[in-house]
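A short write-up of the structure that comes next.
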Amino acid sequence: MEPAASKGAPAHAVAAGSMRVESPAMRQLPIRPRRNRRSAAIRSLVRETDLGPDRLIYPLFVMEGRDAAVPIDSMPGQARLTIDRLVAESRAAHGLGVPAVALFPAVEDDLKDRTASGALDPDGLVQRAVGELKSALPELLVITDVAMDPYSSDGHDGLVEDGEILNDPTLEILAATAVSQADAGADVIAPSDMMDGRVGAIRTALDAAGHAQVGILSYTSKYASNFYGPFRDALDSAPRAGDKKTYQMDPANVREAVREALLDVEEGADVVMVKPALAYLDVIRAVREAVDLPVAAYQVSGEYAMIQAVAANGWMDGDALMLETLTSIRRAGADMILTYFARHCAEVLNR
């Protein structure tokens with residue numbers, strides 16, 4: 001005979017070695033959330049947020065030259081690519097289901113000047129890269145960055161005069177740059193400068209030039225973040241003097257991001273974006289709830305570099321972190337994500 005349970009033991013307690021018996025209290029739980037977690041099949045059916053290659057945009061760095069790739073030390077796994085290598089990398093990512101790339105030019109110092117005139121060159125680096133990509137991969141969506149800093153001798157996103165970033169004169173340069181990139185075949189223009197009114201100025205210029213079908217993905221809420229360091233290493237685009245806090249947003253603000261988004265919607269943006277992503281998930285959610293347009297988010301160079309660093313040290317599983325962080329950005333409300341993990345993430349998801 002089994003020994004009796006000791007006096008005062010819980011109603012569901014049983015002697016050691018006996019079978020588990022649920023108490024009446026346990027049997028009275030009609031709602032058990034764990035039922036929807038008990039197998040991989042069920043978890044996949046009830047999953048609320050999807051993450052697929054078709055949600056990713058691949059930022060790529062392009063440079064002059066032929067058949068060369070220059071690794072970026074602060075961004076392991078990423079490199080400045082010549083146009084032929086850019087086409088090859090884009091083809092590989094596109095073959096895995098990544099639908100879009102975003103181009104960023106690494107420009108030599110002798111091609112930089114105060115007015116960023118190199119950005120308007122019809123035979124410039126970005127324009128030639130766009131042409132090669134659209135010729136080789138017609139179905140690939142090509143997104144081009146519109147900002148002065150890659151071409152500016154001042155390293156700022158706007159025209160500088162006596163230490164001040166001039167807003168309205170910059171709009172003319174940005175609009176002309178956008179038209180030049182659209183002429184080259186860009187599908188989407190992505191102004192990242194954070195000048196007031198630039199979406200409206202670019203939309204007007206594109207339409208006047210016969211590019212009514214070219215979209216605008218606006219860097220709507222671009223914060224003055226410390227997470228951009230590796231990107232500036234990649235392009236050598238840090239400001240030569242001062243900082244970008246008079247035009248990029250204060251990291252403490254979220255209502256301002258909603259205001260910026262509403263203005264961009266009014267000016268004709270097709271997609272609005274929050275940058276960076278991981279430290280600004282609340283901003284992504286706020287913008288998502290405020291607008292009906294698609295929302296993008298940019299998992300920036302510093303976020304990428306942190307994950308790569310902890311993975312390289314063996315402190316965490318890099319692929320698991322990649323998937324978890326990208327899922328969190330989607331869960332916050334982003335319809336699409338710019339991420340340097342795009343190709344590798346697609347490889348992992350396709351396994």
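The values are calculated or read from the model by the stated rules, or taken from the named source; none is laboratory data. Values in this document were obtained by computation on a predicted structure and should not be read as measured data. Because the Cβ atoms are built from the backbone with ideal geometry, glycine has one as well, and the counts that use them run over all protein chains shown. Surface areas here come from the heavy atoms of the whole protein model, side chains and all, with no ligands, DNA or RNA. Shrake-Rupley method; radii C 1.70, N 1.55, O 1.52, S 1.80 Å.
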With n ≥ 4 as the cut-off for DSSP H runs, can you work out [θ] at 222 nm for the chain, using -39500 (n - 2.57) per run divided by the number of residues, rounded to the nearest 500? -11000 deg cm²/dmol
To the nearest 20 debye, what charge dipole does the chain have about its Cα centre, counting +1 at the Cβ of each Lys and Arg and -1 at the Cβ of each Asp and Glu? 2740
Which of the lysines could a cross-linker span from Lys112 if the Cα-Cα distance has to be under 20 Å and same-chain partners fewer than 8 positions apart are dropped? Lys244
For the stretch 155-280, state the average projected area of the convex hull of the C-alpha atoms over all orientations, rounded to one decimal in nm². 7.9
Descending Cα extents along the principal axes, the stretch 39-106, whole Å: 51, 24, 16
Restricting to Cα pairs below 8 Å that are 6+ residues apart, what does the relative contact order work out to for the chain? Please round to a whole percent. 17
Computed over the chain: longest principal axis from alpha-carbon atoms vs helix 318-332 long axis, angle to nearest 10 degrees, is 80
Highest-first arrangement of 138-145, 160-167, 276-283, where packing means the average Cβ count within 10 Å: 276-283, 138-145, 160-167
Let me know the shape class of the stretch 144-220, please: from the alpha-carbon gyration tensor, a ≥ b ≥ c as square roots of the eigenvalues, rounded when a/c is under 1.5, otherwise prolate if a/b is greater than b/c, or oblate. prolate
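Find, to one decimal place in angstroms, the Kirkwood hydrodynamic radius of the stretch 82-174, where the mean of 1/r is taken over every pair of different Cα atoms and then inverted. Don't jump to the answer; show the numbers that get you there.
Details: mean 1/r = 0.0696 Å⁻¹.
Radius from the Kirkwood sum: 14.4 Å.
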Could you check how much of the accessible area of the chain is carbon and sulfur, as a whole percent, using a 1.4 Å probe? 52
Just how far, in whole angstrom, is the stretch 207-223 from the stretch 245-304 if you go by their alpha carbon centroids? 15
Taking the DSSP beta bridges in the chain as the whole, what percent of them are antiparallel, to the nearest 5? 15
Give me the distance between the Cα centres of the stretch 61-122 and the stretch 313-345, rounded to whole Å. 22
Longest principal axis of the chain (C-alpha) makes with the long axis of helix 198-208 (C-alpha) an angle, in degrees to the nearest 10, of 60
Bin all alpha-carbon pair distances of the chain at 10 Å intervals from 0 and give each bin's fraction as a whole percent. 5, 23, 31, 20, 7, 5, 4, 3, 1, 0
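Per residue, how much accessible area does the chain show when a 1.4 Å probe rolls over the protein heavy atoms, in square angstrom?
49
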